[in-house]
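Chemist: Submitted below is the structure of interest, expressed as structure tokens.
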Amino acid sequence: MAMTSYYELICECGHEGKIKLSENDTPYSSNMWEKYSLENIEGNSFSTDRLSGIKEAIENMKPVCPECKTHLTIENLKQ
């Protein structure tokens, strides 16, 4: 089974997008995985077979605002 979570990213120009995290939440499973994708933001997807965390995911995904082309970082996460 998979659990889905969302993290909101906000650019300095006001554009908003999301990082979608799908992860294995099966109890006692030996098959750990995480899959990150972007919604309404440009960049790469990121998948791993271990626990990584949102900071590592953002560094690998290299999200970019589609409006002003600013590179987004962990600092752009909505608090």
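Chemist: Mind listing whichever residues of segment 40-52 are of a type in the set (G, A, S) and open to solvent by less than 30 Å² (accessible area, probe 1.4 Å)?
Modeler: Residue satisfying the conditions is S52 alone.
Chemist: If you don't mind, there's one more thing I want to ask. Please verify whether Y36 is touching a residue at least 60 places away in the same chain (Cβ under 8 Å) and either of a type outside the set (A, V, I, L, M, F, W, C) or closer than 18 Å to E75 by Cβ (or both), treating the condition exactly as stated.
Modeler: no
Chemist: Does E12 meet the test of being in a helix (DSSP H, G or I) and modelled with pLDDT of 95 or more?
Modeler: So E12 fails the test.
Chemist: Within segment 1-19, take every residue that is open to solvent by 80 Å² or more (accessible area, probe 1.4 Å) and over 16 Å from the mean Cα position of the chain (by Cα) and give me the one that is farthest from P66 (Cα to Cα).
Modeler: It comes out as M1.
Chemist: What number goes with the only condition from (1) surrounded by 12 or more Cβ atoms within 10 Å (Cβ to Cβ); (2) of a type in the set (G, A, S); (3) in a loop (DSSP other than H, G, I, E, B) that S37 does not pass?
Modeler: S37 satisfies every listed condition except (3).
Chemist: Additional query: Tally up the residues in segment 60-76 that are open to solvent by 30 Å² or more (accessible area, probe 1.4 Å) and under 20 Å from T4 (Cα atoms), please.
Modeler: Here the count works out to 2.
Chemist: On to the next question. Please verify whether S22 is over 20 Å from Q79 (Cα atoms), open to solvent by less than 60 Å² (accessible area, probe 1.4 Å) and not basic (K, R), treating the condition exactly as stated. Give the derivation first.
Modeler: On the way: over 20 Å from Q79 (Cα atoms): yes; open to solvent by less than 60 Å² (accessible area, probe 1.4 Å): yes; not basic (K, R): yes.
When the stated conditions are applied, S22 passes them.
Chemist: Report, ordered by the first and then the second residue, all pairs with beta carbons closer than 9 Å, sequence separation of six or more or different chains, a first member in segment 41-59 that is farther than 17 Å from L77 by Cβ and at pLDDT below 95, and a second member that is open to solvent by 80 Å² or more (accessible area, probe 1.4 Å) and assigned to a helix (DSSP H, G or I).
Modeler: From residues that are farther than 17 Å from L77 by Cβ and at pLDDT below 95, there are no pairs.
The values are calculated or read from the model by the stated rules, or taken from the named source; none is laboratory data. Note that the structure is predicted; figures quoted are calculated from it, not measured. All Cβ positions, even for glycine, are placed from backbone atoms using ideal geometry, and neighbour counts span all protein chains on display. Side chains included, ligands, DNA and RNA excluded: accessible areas come from the protein's heavy atoms. Shrake-Rupley method; radii C 1.70, N 1.55, O 1.52, S 1.80 Å.
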